Amino acid sequence: MSSRINIARPQPSSYNPDPHGLSNSRASTGYRAANPDDPIEKLKAYSQLVEDNVEIYSQPLKPHLPAIGRFLIVVTFLEDALRIVTQWGDQIWYLQQHRKFPWGISHLFLILNVVTMLSGSGAVILKRYTEFAVAGLLSVVIIQGFGYGLIFDLNFFLRNLSVIGGLFMVFSDSMVSRKSVFAGLPTISETDRKK
């Protein structure tokens, strides 16, 4: 009678949880390589592991990523304002001696640049008056090009091209978010007018 009970149960010494030899001694990463010795498959498995870890550990940052992105777009203006303030004497000397700015105009030029860069950068980061902030920062780029005599310099143009592109991205984002301000109100579309 005991042999009848043990028929459906595997014997403890001969039981194999992986009868086909497909198990792996390492913990599963969710990706099973067809050939574990292939370097491409190893790279895919490792990249999947890295991607999973980045996803897990970046969760606390996700709500703050837009503000960090806006800060990184305008950080060049913040750096330039800090540089002008810390090198005030050198900036004044260059504008007066080499660019032939009169005494008061050189000071006004630098003060206007610093105030516009600081207020425009702060407004972009805080998403307040973004259209005016972008216009002010674009004007700083153009005015500095003329003021320092670099408007036709290729290096100056290419460096500021990426800055202008970032400002246009901020401007387009503000235009998209401005359209959705009245999200709760009904709108009339072309299909509604025909009815």
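The values are calculated or read from the model by the stated rules, or taken from the named source; none is laboratory data. Everything quoted here is computed from the prediction, not taken from an experiment. Here the Cβ is made from the backbone with ideal geometry for all residues, glycine too, and neighbour counts use every protein chain on show. Only protein heavy atoms, including side chains, enter the accessible area calculation; ligands, DNA and RNA are left aside. Shrake-Rupley method; radii C 1.70, N 1.55, O 1.52, S 1.80 Å.
A compact table of results
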| read-out | value |
| --- | --- |
| Modelled FRET efficiency - R0 35 Å, ILE151 with HIS64, Cβ distances, 0.05 increments | 0.40 |
| Calculated from backbone phi, Karplus (6.51, -1.76, 1.60) coupling profile of the range 129-137 in Hz, x at Gly/Pro | 6, 4, 4, 5, 5, 5, 4, x, 5 |
| Convex hull of the range 92-157 built on C-alpha atoms - directionally averaged projected area, nm² | 4.8 nm² |
| Amide H contacts of LYS127 (H built 1.01 Å from N, under 5 Å, at least 5 apart or other chain) | none |
| Kirkwood Rh and Cα Rg combined as Rg over Rh, evaluated for the range 77-116 | 0.96 |
| VAL170 - accessible surface, heavy atoms, 1.4 Å probe, Å² rounded to 10 | 10 Å² |
